[in-house]
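Chemist: Okay, handing you the structure first.
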Amino acid sequence: MTGPEAGALAGLGDDNLVLRAARHLQARAGIRAGAALTLDKHLPAASGIGGGSSDAAAALRALADLWRCRIDPREPATASWAAELGADVPACLAAMPLRIGGIGEILEPSGKLPPLGIVLANPRRELPTAAVFRARHGEFGAPAPPRGTADPIDWLQACRNDLTAAAIGLAPEIADMLARLAGLPGASLVRMSGSGATCFALFADRAAAQRGGASLAAEEPGWWVRAGALLGDQPAA
């Protein structure tokens with residue numbers, strides 16, 4: 001393991017999600033061959049943005065190519081066994097805009113997204129998903145409706161994150177971070193990501209997001225802040 005965030009995984013040894021994914025594919029496909037893997041870790045651990053799940057999905061794609069075994073993330077069977085590694089893994093394996101059901105194994109393409117800009121911010125606070133679910137009470141709200149032809153921002157404005165209140169109860173700085181993101185010039189939608197503590201703001205384009213991200217990073221040098229743009233409807237390379 002290398003990269004600026006590798007230290008957070010050092011204690012896991014051979015039990016990190018990349019190696020678990022590799023062994024999972026080996027067992028599913030009856031593969032006897034091995035591989036040498038390097039994880040270059042740049043996303044904070046336990047931050048609610050699916051970093052470990054995305055790493056696992058990348059390992060699955062790379063190893064399927066190396067070992068010449070076919071995996072199709074659009075097939076329900078593939079999504080089902082990928083979900084055994086974690087609820088976010090099937091979506092990360094598909095790597096395209098999706099509306100997700102079940103515990104993550106029901107994938108429905110949500111249509112092409114414009115190249116919206118995004119700023120991600122984390123207060124350098126690990127927030128394990130299980131702790132947030134334990135802190136949450138009551139029923140979950142109704143599922144998000146299909147997007148159809150709606151503008152993505154209008155569609156997302158009608159959606160919510162049912163884990164936000166519980167996460168703020170465990171990490172009150174999330175509330176401040178949401179307010180700071182909402183105050184960035186050009187921010188059109190602000191939400192907590194997953195189970196937190198990372199939050200995000202959407203912008204009209206990458207350039208606007210980069211301006212907002214640079215401003216926030218300068219004001220809060222202790223936070224993890226990154227700016228970029230959303231993928232379209234094509235699977236990632």
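Chemist: What is the dipole size for the chain, taken about its Cα centre, with +1 at each Lys and Arg Cβ and -1 at each Asp and Glu Cβ, in debye to the nearest 20? Don't skip to the answer; put the middle values down first.
Modeler: Working: 22 positive and 23 negative charges, 60 e Å.
Result for the chain is approximately 280 debye, rounded to the nearest 20.
Chemist: Find, among the chymotrypsin sites (Phe, Trp or Tyr not before Pro) in region 123-203, those assigned to loop by DSSP (not H, G, I, E, B) with at most 14 other beta-carbon atoms within 10 angstrom. Working shown, then result.
Modeler: On the way: sites: 133, 140, 155, 200, 203; in loops: 140.
In loop regions of region 123-203 (DSSP not H, G, I, E or B), the sparsely surrounded chymotrypsin sites (Phe, Trp or Tyr not before Pro) are 140.
Chemist: Separation between the residue 37 and residue 175 pseudo-spin-labels, each 7 Å from Cα along Cα→Cβ, expressed in nm?
Modeler: Placing both labels 7 Å along Cα→Cβ, they lie 4.0 nm apart.
Chemist: Here's another thing I want to ask about it. Under 1.5 on a/c is rounded, so check that first for region 150-216, then, if it is not, pick prolate when a/b is larger than b/c and oblate when it is not; a ≥ b ≥ c are the square roots of the alpha carbon gyration tensor eigenvalues.
Modeler: Working: a/c = 2.61, a/b = 1.28, b/c = 2.04.
Because a/c hits 1.5 or more and a/b fails to exceed b/c, region 150-216 counts as oblate.
Chemist: With a cap of 12 neighbouring Cβ atoms within 10 Å, and only residues DSSP puts in a loop, list the trypsin sites (Lys or Arg not before Pro) found in region 1-42. Mind showing how you got there, number by number?
Modeler: Numbers: sites: 20, 23, 28, 32, 41; in loops: 32, 41.
Qualifying residues, ordered by number: 32.
Chemist: Could I get the Rg over Rh figure for region 76-192? Both from C-alpha atoms, Rh via Kirkwood, rounded to two places. Don't jump to the answer; show the numbers that get you there.
Modeler: Working: Rg = 15.6 Å, Rh = 16.2 Å.
On the Cα set of region 76-192, Rg over Rh gives 0.96.
Chemist: Then there's this: Would you kindly derive the ³J(HN,Hα) couplings of region 173-186 from the backbone phi angles with the Karplus curve 6.51 cos²θ - 1.76 cosθ + 1.60 (θ = phi - 60°), listing them in order in whole Hz, with x for Gly and Pro?
Modeler: Coupling constants for region 173-186: 5, 4, 4, 5, 5, 4, 5, 5, 5, 5, x, 6, x, x Hz.
Chemist: Can you give the calculated 222 nm mean residue ellipticity of the chain, where each DSSP H run of n ≥ 4 adds -39,500 (n - 2.57) and the sum is split over every residue, rounded to the nearest 500 deg cm²/dmol?
Modeler: On the way: 9 runs with 87 residues, N = 237.
About -10500 deg cm²/dmol.
Chemist: Next question. Enter the accessible area per residue of region 90-224 (Å², integer; probe 1.4 Å; all protein chains in place).
Modeler: Numbers: 6710 Å² over 135 residues.
So region 90-224 comes to 50 Å² accessible per residue, rounded to a whole number.
Chemist: Now a separate question. Picking from 67, 198, 104, whose Cα lies most toward the positive end of the charge dipole for the chain (charges on Cβ: Lys, Arg +1; Asp, Glu -1)?
Modeler: The one lying farthest along the dipole's positive direction is 67.
Chemist: Considering only protein heavy atoms and a probe of 1.4 Å, how much of the accessible area of the chain is carbon and sulfur, as a whole percent? Provide the component values of the computation, followed by the final result.
Modeler: Values: 6790 of 12340 Å².
Carbon and sulfur atoms account for 55 percent of the accessible area of the chain.
Chemist: Roughly how many debye, to the nearest 20, is the charge dipole of region 118-237 about its Cα centre, given +1 on each Lys and Arg Cβ, -1 on each Asp and Glu Cβ, and no other charges?
Modeler: Values: 11 positive and 11 negative charges, 36 e Å.
The calculation lands at about 180 debye.
Chemist: Set the Förster radius R0 to 35 Å, insert the Cβ-Cβ distance between residue 67 and residue 130 as r into 1/(1 + (r/R0)^6), and round the FRET efficiency to 0.05. Please report the intermediate quantities before stating the final value.
Modeler: Working: r = 32 Å, r/R0 = 0.93.
Efficiency, rounded to the nearest 0.05: 0.60.
Chemist: Work out, step by step, the length gained on full extension between residue 142 and residue 1: first 0.36 nm times the residue separation, then minus their alpha carbon distance; give nm to one decimal.
Modeler: Numbers: separation 141, 0.36 × 141 = 50.76 nm, distance 4.02 nm.
Once the chain is fully extended between residue 142 and residue 1, it gains 46.7 nm.
Chemist: How large is ³J(HN,Hα), in whole Hz, for each residue of region 122-136 in order, when computed from phi with the Karplus curve 6.51 cos²θ - 1.76 cosθ + 1.60 and θ = phi - 60°, using x for Gly and Pro?
Modeler: Result, rounded to whole Hz: 9, x, 6, 10, 6, 9, x, 4, 4, 5, 5, 5, 5, 7, 8.
Chemist: Please tell me the relative contact order of the chain in percent, rounded to the nearest whole number, where contacts are Cα pairs under 8 Å and at least six residues apart.
Modeler: Computed value for the chain: 22 percent relative contact order.
Chemist: Continuing with the same structure: So if I place +1 on the C-beta of Lys and Arg and -1 on the C-beta of Asp and Glu, and nothing else carries charge, what would the dipole magnitude of region 74-172 be about its Cα centre? I want it in debye, nearest 20.
Modeler: On the way: 9 positive and 10 negative charges, 55 e Å.
With Lys and Arg at +1 and Asp and Glu at -1, about 260 debye.
Chemist: Sticking with this structure for a sec: Expressed as an acute angle from 0 to 90° and rounded to the nearest 10, what is the orientation of the C-alpha long axis of helix 206-219 relative to the principal long axis of the chain?
Modeler: 70
Chemist: Which percent of Cα-Cα pairs in region 1-107 sits in each 5 Å bin, short to long?
Modeler: Per 5 Å bin, starting at 0, the Cα pair percentages come out as 2, 13, 24, 24, 19, 13, 5, 0.
Chemist: For residue 180, what is the net charge nearby, where nearby means another residue's Cβ is under 14 Å from its Cβ and Lys, Arg count +1, Asp, Glu -1?
Modeler: Once positives and negatives cancel, what remains is -3.
Chemist: Here is a further query. With r defined as the distance between the Cβ atoms of residue 160 and residue 219 and R0 fixed at 25 Å, what FRET efficiency is calculated, to the nearest 0.05? If you can, show how the numbers build up before the last one.
Modeler: On the way: r = 27 Å, r/R0 = 1.09.
E between residue 160 and residue 219, to the nearest 0.05, is 0.40.
The values are calculated or read from the model by the stated rules, or taken from the named source; none is laboratory data. These numbers come from a predicted model, not from an experiment. No Cβ is skipped: glycine too gets one built from the backbone with ideal geometry, and neighbour counts run over all protein chains shown. Side chains included, ligands, DNA and RNA excluded: accessible areas come from the protein's heavy atoms. Shrake-Rupley method; radii C 1.70, N 1.55, O 1.52, S 1.80 Å.
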